[in-house]
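Structure first, commentary second.
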Amino acid sequence: MPDLANLGITASVPYFNSRAYVRRAVECLLAQTHRKLTVVVVCDGDPCPPWPELAHIRDPRLIRFTLARNYGPYFAHQVVLGASESPYFLVHDADDWSPPARVSTLLRALIEDGSDLAFSAWQQYRADSDGYLQPDSIRWRRRMPGEPAVAAPGGRELFLFDPLLDENFVNRASHHGVFRREALQRIGGYYAGFRMNYDTLLTNFLLMTGRISFIEEPLYQYVIRRDSLSHSPSTGARSSIRIMTRHQLAAMYREALEHYRAWMRGESSSVELNGRIRMLVGRFVTPELRQALQVETARLAAVLRARPAMIPT
């Protein structure tokens, strides 16, 4: 096994409307026991950037970067992925936090299992009437044999780790974890032209092309916010835009599933499967967005090249 301490990880932390939380998110990442970690906070066009909240941090592992306008979190992840060079990639929301050993635990699981993504269960929190965060439910557990994979009509999504693919387009793994960079590049990266829900399709793509590791201990601390992209009335689970997006993603999933099954039957190669998934990923990325990705990625790459060499502390 390689020396885990010397394996570089780049953490992508997209920021929009999370000013009350971003300091905690960044400080918890910089306090990880895995020290060879670059933390890139990307202000996603927010008119109230987070930089005053992070002004006290002098750690050279923290990179501050501002996008020209609001593109959504997956665009930000792709910019960080394209501009950085570390072999491992971490996704972390600006309003969540992690205990100190989370990254090293996930990285060890990924290396030992030879997987492409390692993630854990979450401890969820809700704000009480005084604004204090109170523990809520635990999200993510393994699907048990014979257990339904899909919620009953009108029921809440189950969030079961399930590596077995079938006709159902469901969330089988979380993208809040450590990725092997080459696995993301193999399936076309992190951006497919969507602002929401694409992580559900991305993790299904990873199950088609590789392996995912799951740790049952809740190492990720997730804040449920009514004004977030995932929970606000305008963009949450019952919103018209999210329902429309999910229909589009489900159609992409079913198309990819046919290619995956052809590969499983030996009718195509893994190279062909990966190529077809990359074509799907690029289908909804307009020329304008592709150009913006190139410009923003080049800008961030220049910032990363200009910083001093990182030495673990």
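The values are calculated or read from the model by the stated rules, or taken from the named source; none is laboratory data. In this text the structure is predicted, and so the values were computed from the model without any measurement. Note: ideal-geometry Cβ built from the backbone for every residue, glycine included; neighbour counts use all protein chains shown.
Values for this structure:
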| item | result |
| --- | --- |
| Odd one out for residue 265, checked against (1) surrounded by 10 or more Cβ atoms within 10 Å (Cβ to Cβ); (2) closer than 25 Å to residue 206 by Cβ; (3) over 22 Å from the mean Cα position of the chain (by Cα) | (1) |
| Some residue of the stretch 13-32 being part of a loop (DSSP other than H, G, I, E, B) and of a type in the set (Asp, Glu) | no |
| Close pairs from the stretch 225-249: first under 15 Å from residue 156 (Cβ atoms), partner of a type in the set (Asp, Glu) and modelled with pLDDT of 70 or more, Cβ under 8 Å, at least 6 apart | 237/157 |
| Checking residue 297 against (1) within 20 Å of the chain's Cα centre (by Cα); (2) surrounded by fewer than 16 Cβ atoms within 10 Å (Cβ to Cβ), the condition it does not meet | (2) |
| The stretch 274-294, residues that are of a type in the set (A, V, I, L, M, F, W, C), surrounded by fewer than 18 Cβ atoms within 10 Å (Cβ to Cβ) and under 20 Å from the mean Cα position of the chain (by Cα) | 284, 289 |
| Residue list for the stretch 161-180, restricted to those being part of a strand (DSSP E or B), closer than 20 Å to residue 7 by Cα and not β-branched (Val, Ile, Thr) | 177, 179, 180 |
| Criterion violated by residue 69 - all others in (1) touching a helix residue (DSSP H, G or I) at 6+ places or on another chain (Cβ under 8 Å); (2) surrounded by fewer than 22 Cβ atoms within 10 Å (Cβ to Cβ) satisfied | (1) |
| Residues of the stretch 183-209 that turn out to be of a type in the set (Lys, Arg) and at pLDDT 95 or above, as a count | 1 |
